[in-house]
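Visitor: Would you mind keeping the following structure in view while I ask a few things?
The values are calculated or read from the model by the stated rules, or taken from the named source; none is laboratory data. Please read these numbers as outputs of a predicted model, since none were measured by experiment. Here Cβ is always computed from backbone atoms with ideal geometry, including for glycine, and neighbour counts include all displayed protein chains. Heavy atoms of the whole protein, side chains included, go into the accessibility calculation; ligands, DNA and RNA do not. Shrake-Rupley method; radii C 1.70, N 1.55, O 1.52, S 1.80 Å.
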Amino acid sequence: MSAGPGAGAAAPVTRVLGFAEAELPAALAAQVAALEAEAWPGATPGHDPALAPRALLLVTADGTVAASLALLFKDIRHAGRTYRAAGLSSVVTRRALRGRGCGARLVAAARRELAAVPGLDLVLFSCDRPLAPFYEAAGFTRLPGAVLVGGTPEEPLATDGPGFDKEVLAEFLGAAGADGPDARAGAAAFAGTRIDLHPGLVDRLW
């Protein structure tokens, strides 16, 4: 899930804060829940603890959460190989601060943080099609024809399901870098395929 950026006034002075979701201070958690409720009415805040959720927040000098997202983690099996994967979830910017680069700054911070996680093979997520250029500009790669299959094997939810218009994006991590042979091979292995993510019934499509 993501609520998109725009173009507007200068960005406020902010800093990036990260917490294991279970350790997120109550005052900040309440602001995040309010932002998510505004963006996705009826959604339940929080993530499945089995996915080791980590909250990343962009906070102004007066303690206002300008933008937030969650990082989720899971091993997936694809094309005969097991990958340690992470995903972006619940990416949202405060409505009054949209268009000032807050979302871009937070997603860039998330990408840097994930690149430093030992043993992480790839970042993999989906977004509404109009938001794909935003994530591509942040350094992620579109996987043409790829479909993420979320939910569970018994109750799947796929990004090509009825009513969805999703793009799948990824970043393949490793010593070769974003444009190296490992990344190109990773993109080739995932593009045009159905990817069994299956994060469960809480974060059905992280």
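For (1) open to solvent by 10 Å² or more (accessible area, probe 1.4 Å); (2) hydroxyl-bearing (Ser, Thr, Tyr); (3) modelled with pLDDT of 95 or more; (4) within 22 Å of residue 116 (Cβ to Cβ), each residue gets a yes or a no:
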residue: 139; (1), (2), (3), (4): yes, no, no, yes
residue: 150; (1), (2), (3), (4): no, no, yes, no
residue: 163; (1), (2), (3), (4): yes, no, no, no
residue: 167; (1), (2), (3), (4): yes, no, yes, no
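Visitor: Related question: Hey, can you tell me all the residues within region 95-119 that are open to solvent by less than 60 Å² (accessible area, probe 1.4 Å) and touching an Asp or Glu at 6+ places or on another chain (Cβ under 9 Å)?
Guide: Scanning region 95-119 gives a single hit, 114.
Visitor: While we're here: Of the residues 120, 124, only one is in contact (Cβ under 8 Å) with a residue 40 or more places away in the chain, under 13 Å from the mean Cα position of the chain (by Cα) and under 22 Å from residue 193 (Cβ atoms); which?
Guide: Exactly one of 120, 124 is in contact (Cβ under 8 Å) with a residue 40 or more places away in the chain, under 13 Å from the mean Cα position of the chain (by Cα) and under 22 Å from residue 193 (Cβ atoms), namely 124.
Visitor: Identify all residues within region 61-72 that are open to solvent by 20 Å² or more (accessible area, probe 1.4 Å) and touching a strand residue (DSSP E or B) at 6+ places or on another chain (Cβ under 8 Å); write none if there are none.
Guide: Hit for region 61-72 is 61, nothing else.
Visitor: Right, something else. In region 169-200, which residues are modelled with pLDDT under 95 and aliphatic (A, V, I, L, M)?
Guide: 173, 175, 176, 178, 183, 185, 187, 188, 189, 191
Visitor: Among the helices (runs of 4 or more DSSP H) confined wholly to region 94-206, which include 1 or more residues that are touching a helix residue (DSSP H, G or I) at 6+ places or on another chain (Cβ under 9 Å)?
Guide: 102-115, 132-137
Visitor: Another question about this same structure. Hey, among the residues in region 17-57 that are part of a loop (DSSP other than H, G, I, E, B) and over 19 Å from residue 94 (Cα atoms), which one's most open to solvent (accessible area, probe 1.4 Å)?
Guide: 52
Visitor: Now a separate question. Would you confirm, using the coordinates I've provided, whether residue 6 is at pLDDT 95 or above and outside any helix (DSSP H, G or I)?
Guide: Against the criterion (at pLDDT 95 or above and outside any helix (DSSP H, G or I)), residue 6 does not qualify.
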